[in-house]
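These notes are about the structure you will find just below.
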Amino acid sequence: MSEAASARSGAVALSYRDDGRAPVVVAKGYGATAESIMRTAREHGLYVHASPQLIGLLMQVQLDRQIPPPLYAAVAQVLAWLWEIDQGNSPVDVIEIEK
């Protein structure tokens with residue numbers, strides 16, 4: 001990835017249906033594309049989690065592909081964060097994603 005690309009804000013959207021398969025990268029991009037991904041997520045009532053390091057790793061996964069096993073633990077932490085929020089806990093009270 002170029003320095004210019006890494007300096008821009010990025011976003012990756014994952015789809016997870018809990019059907020025994022790993023989450024799938026369904027959208028990704030930098031700059032205006034990243035802003036559009038985040039805006040669309042919020043418009044649909046989805047949570048947006050900021051983790052530049054994880055985004056950088058997920059950007060390497062091809063669209064419509066499952067995340068690779070080395071990313072399972074990091075993505076599982078984000079899914080746990082989302083589950084806690086869905087249970088009514090404040091994002092401040094739930095796990096902090098390690099950097």
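The values are calculated or read from the model by the stated rules, or taken from the named source; none is laboratory data. These numbers were taken from a predicted model, which means no experiment stands behind them. We place every Cβ from the backbone using ideal geometry, glycine too, and count neighbours over all the protein chains shown.
Which of the residues that make up the range 16-39 are free of Cβ contacts under 8 Å to residues at least 24 places away in the same chain and surrounded by 12 or more Cβ atoms within 10 Å (Cβ to Cβ)?
Scanning the range 16-39 gives 29, 31, 33, 36, 39.
Scan the range 23-81 for residues that are in contact with a Pro (Cβ under 8 Å, 6 or more places away or on another chain), among the β-branched types (Val, Ile, Thr) and more than 16 Å from residue 10 (Cα to Cα) and jot them down.
Selection gives 67, 75.
Which one of these does residue 70 not meet: (1) modelled with pLDDT of 85 or more; (2) part of a loop (DSSP other than H, G, I, E, B); (3) loosely packed, with under 11 Cβ neighbours inside 10 Å?
If we test residue 70 against (1) modelled with pLDDT of 85 or more; (2) part of a loop (DSSP other than H, G, I, E, B); (3) loosely packed, with under 11 Cβ neighbours inside 10 Å, just (2) comes out false.
Please find, among 54, 79, the residue that is touching a residue at least 60 places away in the same chain (Cβ under 8 Å) and assigned to a helix (DSSP H, G or I).
79
Please go through the range 26-51 and give me each residue that is among the hydroxyl-bearing types (Ser, Thr, Tyr), assigned to a helix (DSSP H, G or I) and closer than 23 Å to residue 90 by Cα, ordered by number.
The answer is 40, and nothing else.
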